[in-house]
Amino acid sequence: MKTRDLFLETYAAITVNKARSGLTVLGIVIGIGSVIALVAIGQGAQGSVESRIESIGSNLILVSPGFQRGVGTQISTGRGSAQTLTQADADAIREEVDGIESLAPEVSRRYQITAAGKNTNTQVVGTVPDYLKVRNVEADLGSFVSPGQVSGVSKVAVLGPITRDDLFGAGVNPIGQIIRINKVEFKVIGVTAAKGGTGFGNQDDQVFVPISTAQRFLAGGDYVTTISVSAKDQGSMTAVQQEITNLLLARHKISSPQQADFNVLNQSDIVAAATSVTGIFTILLASIAGISLLVGGIGIMNMMLTTVTERTREIGLRKAIGGKRSDITLQFLAEAVTLTFIGGFIGVIFGWLLALGVSKFGNTATSISLPSILLAFGVSAGIGLLFGYYPARRAAKLNPIDALRFE
Amino acid sequence: MIECRDIVKTYTSGAEETTVLKGVSLKIVDGEFVAIMGPSGSGKSTLMHILGALDTPTSGTYLLDGQDLSELSDDELAEIRKKKIGFVFQAFNLLPRATVLRNVSLPLVYAEVAIAERDRAARGALARVGLEEERFHHLSNQLSGGQMQRVAIARSLVNNPALILADEPTGNLDTKTGEVVLGTFEKLNREGKTIVLITHEAEVARHAQRVIHIRDGNII
């Protein structure tokens with residue numbers, strides 16, 4: 001049989017019972033559509049998590065105090081109040097580790113903050129001017145903490161935009177106003193630019209003060225809670241991370257990395273961890289959608305089996321006038337594949353619209369990739385082959401004599 | 001030219017063996033109009049299936065145009081049917097939602113004939129059975145029984161076969177339309193077609209030049 005005739009026969013067969021063909025196609029539409037939409041939502045979430053982590057800083061390495069485990073014991077001394085990292089550690093890293101672009105120690109803790117009768121409870125970050133470079137922060141109004149203010153232990157504060165909104169109201173210029181952090185008075189000298197939230201607490205809801213001031217008036221002691229280091233380039237990150245680890249192990253006189261009282265986190269590790277979580281999320285969504293695709297495929301098989309039974313005499317006739325087994329197999333396979341392919345096509349459009357709707361009204365980023373569309377087409381055609389094969393073989397194996405007599 | 005030599009057909013169902021044809025030998029030369037007549041259960045349908053290359057004998061030889069068909073595979077038999085045999089069935093077996101032209105040209109689809117050529121052949125075949133041209137685009141289920149059977153005869157003619165096998169072609173028709181259909185066969189035979197008619201009615205068999213009687217699997 002010629003390809004063109006195969007299409008004509010398929011068209012004729014599918015249009016004979018439009019309602020049934022339509023409902024069968026609908027099963028595939030829903031299956032493919034939900035795969036496309038849910039994978040788009042998953043990949044969109046993945047993309048936005050990645051970009052938010054990237055926005056924290058570039059080539060960032062975070063050193064934070066950890067809990068120490070004694071030799072041979074499982075008892076941890078706890079993480080919350082760990083004060084194992086000091087200003088001296090930060091200075092030593094700056095001096096001795098190669099490949100560092102800039103470095104910013106910080107001491108942060110939540111405090112109650114009051115100003116002009118309003119109050120809020122937020123993160124107060126004592127840090128140095130380099131924090132701007134390391135963590136991609138920009139001053140929107142006024143200026144950030146200056147080196148002179150750090151060495152002079154000035155009681156000045158830079159507000160995050162959300163903290164500004166909470167204390168003074170949205171859009172108000174608070175420069176020159178006085179705020180009280182933990183009952184100590186600070187003068188507001190600037191507001192940072194909005195960055196959007198991240199997985200590490202909202203960066204816009206923070207107050208920055210000079211690290212020396214934070215250590216003297218708020219924290220009491222010269223420990224630091226995080227040292228943010230930015231490496232010169234992506235390639236040197238692992239080396240820098242290793243050097244910091246070795247240096248701190250030596251300074252803290254710890255012999256084995258397993259007992260380290262600090263953590264050195266590489267930004268790409270964080271991205272990898274977050275990506276693997278969202279990746280699992282995507283797979284989960286895709287498998288739920290895959291189940292509906294499977295159900296759609298069974299619908300195709302059901303319809304094809306019914307068709308074969310209904311058209312037994314026709315199959316008998318086709319064999320009697322010279323149709324070979326392969327002709328009959330091909331004809332029924334073509335019907336199944338055409339149905340699933342139409343379903344796949346409409347399903348891709350449907351899933352696309354669904355994903356667009358989700359990003360417009362659900363405020364969630366979605367991303368439709370060409371591979372997922374191609375995959376959807378491949379899968380729908382594959383489902384047609386898979387679920388159409390058994391009915392088609394059944395038709396082809398019919399004995400023409402019995403088929404012609406079938407009532 | 002058809003030649004059957006000592007054809008035996010045995011069906012096995014479970015442990016039970018039924019011999020339907022018990023050594024049938026016959027010869028039909030080109031251009032003959034032969035009726036094979038017998039009561040139901042005589043084995044005439046089985047003989048027709050073997051003559052029509054729908055089935056193969058258990059033993060014996062069946063030569064169609066000198067070619068032995070008794071040992072061929074399913075697909076080889078399909079090839080023979082496609083080229084050499086036209087079928088007319090009691091129940092017409094037309095595609096119900098297809099036009100008359102599409103029904104008649106269906107065998108040519110499997111023969112991979114070009115569409116224009118197919119259309120020409122189908123119109124020619126329909127003209128030979130005397131169907132009016134205005135019906136060519138009707139759906140086959142809009143026709144009367146006699147018209148349907150003439151469409152089926154046109155379909156059996158369209159690939160210009162060596163042999164037309166008609167299995168009780170008037171069984172679903174009243175006497176008057178049956179006469180018209182049988183007249184069509186007589187006309188085709190006069191034009192040189194070899195026709196084998198299977199029937200249980202002497203009235204129908206009378207239209208043939210020669211009648212082969214079959215009973216209990218033997219030719220008498």
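Computed from the coordinates by the stated procedures, all read-outs in this text should not be read as laboratory data. From a predicted model like this one, the values you see are computed outputs, not experimental measurements. Note that we place each Cβ from the backbone using ideal geometry, even for glycine, and neighbour counts take in every protein chain shown.
Evaluated at q = 0.08, 0.14, 0.18 Å⁻¹, the base-10 log of the normalised Debye intensity for chain B, with identical point scatterers placed on the Cα atoms, takes the values -0.28, -0.85, -1.32.
Grab the beta carbon distance between B:Ile220 and A:Leu8, set R0 = 45 Å, and tell me the FRET efficiency rounded to 0.05. My answer for the efficiency is 0.40. To the nearest 10 degrees, how steep is helix A:18-55 against the longest Cα principal axis of chain A, on a 0 to 90 scale? Tilt of helix A:18-55: around 20 degrees. Near B:Val100, once Lys and Arg are set to +1 and Asp and Glu to -1 for all other residues with Cβ below 11 Å from its Cβ, the sum equals +2.
Working from label points 7 Å from Cα in the Cα-to-Cβ sense, the B:Gln142 to A:Asp233 distance is 7.9 nm. Where does helix A:267-310 land angle-wise versus the long Cα axis of chain A, in degrees 0 to 90, nearest 10? In chain A, helix A:267-310 runs at an angle near 10 degrees to the longest axis. For the stretch A:67-260, DSSP calls about 75 percent of its internal beta bridges antiparallel. Between the residues B:Pro96, A:Ile41, A:Leu330, the greatest Cα displacement towards the positive end of the dipole of the protein assembly as shown, with unit charges on the Cβ of Lys, Arg, Asp and Glu, is found for B:Pro96.
Counting other Cβ atoms within 10 Å as a rough exposure proxy, the listed residues A:Phe387, A:Phe345 run A:Phe345, A:Phe387 from fewest neighbours to most. Taking amide H as placed 1.01 Å from N in the peptide plane, B:Val88 has its amide H under 5 Å from the amide H of B:Leu165, B:Ala166, B:Asp167, each at least 5 places away in sequence or on another chain. Equivalent-ellipsoid semi-axes for the stretch B:162-220 (Cα gyration tensor, √(5λ), whole Å, largest first): 19, 16, 9. The label point for A:Ala92 and the one for B:Glu179, both projected 7 Å from the Cα toward the Cβ, are 12.1 nm apart.
For the stretch B:59-134, the alpha-carbon radius of gyration amounts to 1.33 times the rule-of-thumb value 2.2 N^0.38 Å expected for a compact globular protein. Of the candidates A:Ser64, A:Ser255, A:Ser292, which one comes out as most mobile in a Gaussian network treatment of chain A with C-alpha springs shorter than 10 Å? Among A:Ser64, A:Ser255, A:Ser292, the largest mean-square fluctuation in the Gaussian network model of chain A belongs to A:Ser255. Annotation: the antiparallel percentage among DSSP beta bridges lying fully within the protein assembly as shown is about 70. Can you tell me the 0 to 90 degree angle between the C-alpha axis of helix A:370-397 and the longest principal axis of chain A, rounded to 10? Tilt of helix A:370-397: around 30 degrees. What distance in nm separates the simple spin-label points at A:Ile175 and A:Ser146, each placed 7 Å from Cα in the Cβ direction? With each label placed 7 Å out from Cα toward Cβ, I get 1.2 nm. When you work out D = kT/(6 pi eta Rh) for the stretch A:180-333 at 25 °C and 0.890 mPa s, using the Kirkwood radius from C-alpha pairs as Rh and the Stokes-Einstein form, the result is 104 µm²/s.
With unit charges on the beta carbon (Lys/Arg positive, Asp/Glu negative), name the residue among B:Ala35, B:Gly217, A:Pro147 whose Cα is farthest towards the positive pole of the charge dipole of the protein assembly as shown. Going by the charge dipole, the pick is B:Ala35.
In units of the rule-of-thumb radius 2.2 N^0.38 Å, chain A shows an alpha carbon radius of gyration of 1.53. Once the gyration tensor of the Cα atoms in the stretch A:338-407 is diagonalised, the equivalent ellipsoid follows with semi-axes of 41, 12, 7 Å, ordered largest first. The orientation-averaged projection of the convex hull spanning the C-alpha atoms of the stretch A:261-363 amounts to 11.7 square nanometres. Note on the stretch A:67-260: Cα Rg divided by 2.2 N^0.38 Å, N the number of residues, gives 1.10.
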